[in-house]
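The values are calculated or read from the model by the stated rules, or taken from the named source; none is laboratory data. These figures come from a predicted structure and were not determined experimentally. Here the Cβ positions follow ideal geometry from the backbone for every residue, glycine too, while neighbour counts run over all protein chains shown. Note: accessible area is taken over every heavy atom of the protein model, side chains too, but ligands, DNA and RNA are not part of it. Shrake-Rupley method; radii C 1.70, N 1.55, O 1.52, S 1.80 Å.
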Amino acid sequence: MNEQKDRSEENKRKAQFWLEYAQQLAAAIRYVEALSTVERAVKLDTTNVEAWYVRGTCLAMLARYDEALSNFDHALSLDDRYVPAWDGKAWVLGILGRKDEAIVANERALELDPHYYQAQKRQERLEAME
């Protein structure tokens, strides 16, 4: 039992390493590599909400919107109070032209964190959509 717990903790540490590396790659606009890297994190720790969010972000940046939306939804199934995933969901729904759904997701992000800058800006963009 202890050995299994140690292995689980080791996997979480490795997943965090790959997640941080994926974030660095994404910041460098290397989304294909970032996606490949964050997938390693997800395999090591399937409960890491941030990893699912970063995976969704990479997929969205690669114009794989349905997959991105699925990843944001999965992140929210793990933690429905994770504001970046609500914002990501609103972002992709807006891209897909699903304005009403995007507004609902964005409002949830702002309800959880009224000062979340990306959601504040997204609200303005969504309101301007026709």
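Things worth noting here:
- Proximal lysines to Lys12, defined as alpha-carbon separation beneath 28 angstrom and excluding residues fewer than eight positions away on the same chain: Lys43, Lys89
- Among the protein heavy atoms of the chain, carbon and sulfur supply 49% of the accessible surface, probe 1.4 Å, non-protein parts ignored.
- Estimated vicinal HN-Hα couplings, Hz - the stretch 11-28 in sequence order (Karplus 6.51, -1.76, 1.60; Gly, Pro = x): 4, 5, 5, 5, 4, 5, 4, 5, 4, 4, 5, 4, 5, 5, 5, 5, 5, 8
- Loop-located GluC sites (Glu not before Pro) in the stretch 8-45, at most 13 other Cβ atoms within 10 Å (DSSP): none
- Size descriptors for the stretch 54-130 (Cα atoms only): Rg and Dmax, in that order, 11.2, 33 Å.
- Kirkwood hydrodynamic radius (C-alpha pairs) into Stokes-Einstein, the stretch 42-84, 20 °C and 1.002 mPa s, D in µm²/s: 214
- Accessible area per residue in Å² at 1.4 Å probe, computed on the chain: 59
- Relative contact order of the chain, defined on C-alpha pairs under 8 angstrom at six or more residues apart (%): 15
- Across the stretch 5-71 the C-alpha pair distances fall into 10 Å bins from zero in the proportions 26, 51, 19, 3 percent.
- Percentage of interatomic Cα-Cα distances in the chain larger than 21 Å: 42
- Sequence of Val104, Val42 when ordered by accessible area, the most exposed leading, probe 1.4 angstrom: Val104, Val42
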